[in-house]
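Below is one structure, written out as structure tokens, with a few remarks after it.
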Amino acid sequence: MSKPDELLVDVAALVESGHSNQMSLTVVASGAVITGRLAPEAVWRQRVSEVLADSARLSDFSAVFTAANRREGPPTHLHFHVARILQGEVGIPETGGMYRVAIKDVSAWTMGDFSYSNH
């Protein structure tokens with residue numbers, strides 16, 4: 001998207017304001033379909049930092065995500081947690097992952113998340 005969707009920016013701003021981390025969203029970005037819940041960037045960074053800190057091989061990267069990163073202006077990224085990339089008949093990872101998506105790269109979106117059913 002050459003100009004980010006203003007409505008999507010407004011949704012991201014409301015999540016950033018701390019009103020909720022329960023907003024489910026599905027986006028298409030660079031051909032990938034990502035579905036899950038949005039989180040404020042600070043919450044997302046903290047969770048990524050915790051996961052990295054618990055890793056024997058990746059713990060050195062933990063501090064990158066705890067550095068203060070407060071920007072002025074509207075949000076530029078969506079921060080997904082409990083999210084999956086939809087691929088064929090599965091969502092990966094099954095348990096959900098943490099993804100950061102530039103709002104300018106979103107070509108389509110909808111409220112709610114998608115899941116597969118064998119029924």
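Key figures for this structure:
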quantity: Checklist (1) in contact (Cβ under 8 Å) with a residue 24 or more places away in the chain; (2) of a type in the set (A, V, I, L, M); (3) open to solvent by less than 80 Å² (accessible area, probe 1.4 Å) applied to ALA63, failing item; calculated: (1)
quantity: Cross-chain or 6+ apart pairs with Cβ under 8 Å, region 90-114 first and more than 10 Å from HIS77 (Cβ to Cβ) and of a type in the set (S, T, N, Q), then in a strand (DSSP E or B) and open to solvent by less than 20 Å² (accessible area, probe 1.4 Å); calculated: SER107/ALA29; THR110/LEU25; THR110/THR26
quantity: Residue list for region 32-60, filter: touching a residue at least 24 places away in the same chain (Cβ under 8 Å), open to solvent by less than 60 Å² (accessible area, probe 1.4 Å) and of a type outside the set (A, V, I, L, M, F, W, C); calculated: THR35, GLY36, PRO40, GLU41, ARG45
quantity: Subset of region 7-31 (residues that are of a type in the set (S, T, N, Q), open to solvent by 50 Å² or more (accessible area, probe 1.4 Å) and free of Cβ contacts under 8 Å to residues at least 60 places away in the same chain); calculated: SER17, GLN22
quantity: Test: residue in region 19-41 that is farther than 14 Å from THR110 by Cα and assigned to a helix (DSSP H, G or I); calculated: yes
quantity: Residues of region 80-101 that turn out to be small (Gly, Ala, Ser) and touching a Leu at 6+ places or on another chain (Cβ under 8 Å), as a count; calculated: 0
quantity: Subset tally (residues that are under 20 Å from PRO40 (Cβ atoms) and either surrounded by 17 or more Cβ atoms within 10 Å (Cβ to Cβ) or aliphatic (A, V, I, L, M) (or both)) for region 85-109; calculated: 9
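The values are calculated or read from the model by the stated rules, or taken from the named source; none is laboratory data. In this text, all values refer to a predicted model and were calculated from it rather than measured experimentally. FYI the Cβ positions are ideal-geometry reconstructions off the backbone, even for glycines, and counts take in every protein chain you see. Only protein heavy atoms, including side chains, enter the accessible area calculation; ligands, DNA and RNA are left aside. Shrake-Rupley method; radii C 1.70, N 1.55, O 1.52, S 1.80 Å.
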